[in-house]
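> Got a structure here, written out as structure tokens. Questions coming.
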2 protein chains.
Amino acid sequence: MIKVLIMLITMIPMGKTAIWAKEPIQDNNNGMIVRISEIEVYQEYLDEYLNHAAEVAQISVEKEKDVISIYPMQLIKHDTQIRILEIYRNQKAYENHIASPHFKKYKEETLHMVKHLDLIDTYQLCPTNFNKIFKKSD
Amino acid sequence: MIKVLIMLITMIPMGKTAIWAKEPIQDNNNGMIVRISEIEVYQEYLDEYLNHAAEVAQISVEKEKDVISIYPMQLIKHDTQIRILEIYRNQKAYENHIASPHFKKYKEETLHMVKHLDLIDTYQLCPTNFNKIFKKSD
């Protein structure tokens, strides 16, 4: 009886995975990091923040060959909400990026402007499409 | 006095814009539609939905020259949450896309699988970067 109870208890946290999901989520990233950064900026720093975000995005894609995308967007209906599509060739490319002078400058100079930051990691669904969309897929 | 009151009342809805925002939000899209679609799928249809989403994305970017990006992603930590970066050259390109046989097929066959859909329109922050990232920017 105790054994059954322990079994039941240990099953609870994995219940959804064990019972409902047909298959584990499929990693199509081929080692890439594919991320949507969700950022909320304080209204009073918005213009200043946008300049910094555009600058670091441009320099990174230009100078770092394994930064495939840093593509910042501003929500039209909520102008303090920023989304950035970030794609790094691999973990090393990401580590090089966050150690770069331009990223460090961006981070230091915008830290007080950022109200909220979420890094949303994803798996791309369609590797063939990746090759058709992004210049640095070649 | 009544005139002043009416003035005050009419100012309320535009208060934030009139007083706080330094400048209106800047449209850097050059006529493009730049959108993040946020989609939640019912768990029981997830695998099936992912196949449809990958298929329509691939066909659209391949066949439609003015569909610059339809890049679907699945959130690693919330596998029923899908995000799609959609970029259309212009309004006409978008209209052609939603009238295409492959989009209509996708829409019809996935309608019952979608729990929630949000189309989040954005302005890109950095047009120079757009040219460096996307193949069809040329």
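Where a number appears in this text, it was derived from the coordinates with a stated rule and is not lab data. Fair warning: this is a prediction, and the values are worked out from it, not measured in the lab. Cβ: placed from backbone, ideal geometry, glycine included. Neighbour counts: every protein chain shown.
> Can you find, among A:88, A:37, A:111, the residue farthest towards the positive end of the dipole of segment A:26-137? Put +1 on the C-beta of Lys and Arg, -1 on that of Asp and Glu.
Of the candidates, A:88 comes out farthest on the positive side.
> Please compute the length gained on full extension between residue B:38 and residue B:63, using 0.36 nm multiplied by the number of residues separating them and subtracting their Cα-Cα distance.
Working: separation 25, 0.36 × 25 = 9.00 nm, distance 2.37 nm.
Length gained between residue B:38 and residue B:63: 6.6 nm.
> Hey, another quick one. About its Cα centre, what dipole magnitude does segment A:26-137 give when the only charges are +1 on Lys and Arg Cβ and -1 on Asp and Glu Cβ, stated in debye to the nearest 20?
Working: 14 positive and 17 negative charges, 112 e Å.
The calculated dipole for segment A:26-137 is roughly 540 debye.
> Using a Förster distance of 35 angstrom, determine the FRET efficiency expected from the C-beta separation of residue A:76 and residue A:111, and round it to 0.05. Each step should come with its number before you reach the end.
Details: r = 26 Å, r/R0 = 0.74.
Plugging the Cβ-Cβ distance into 1/(1 + (r/R0)^6) gives 0.85.
> Averaged across the residues of B:63-75, what count of C-beta atoms belonging to other chains lies within 10 Å of each residue's C-beta?
On the way: counts 0, 0, 0, 0, 2, 1, 7, 4, 12, 6, 14, 9, 6.
The shielding value for this peptide is 5.
> Right, another one. Using 30 Å as the Cα-Cα cut-off, could you pick out the over-long pairs in A:105/B:92; A:115/B:107; B:107/B:132; A:135/B:77?
On the way: A:105/B:92 40 Å; A:115/B:107 37 Å; B:107/B:132 32 Å; A:135/B:77 28 Å.
Violating the 30 Å limit, Cα to Cα: A:105/B:92; A:115/B:107; B:107/B:132.
> Something else now. Across the residues of A:130-137, average count of Cβ atoms on other protein chains within 10 Å?
Values: counts 4, 2, 11, 13, 5, 8, 3, 1.
Taking the mean over all residues of the peptide, I get 6.
> Assuming 0.36 nm per residue, please report the length gained on full extension of the stretch residue A:48 to residue A:98 beyond their Cα-Cα distance.
This chain segment gains 15.9 nm when fully extended.
> For residue A:30, put the label point 7 Å out on the Cα→Cβ axis and report which residues of segment A:68-109 keep their amide N under 19 Å from it.
A:68-70, A:86-94
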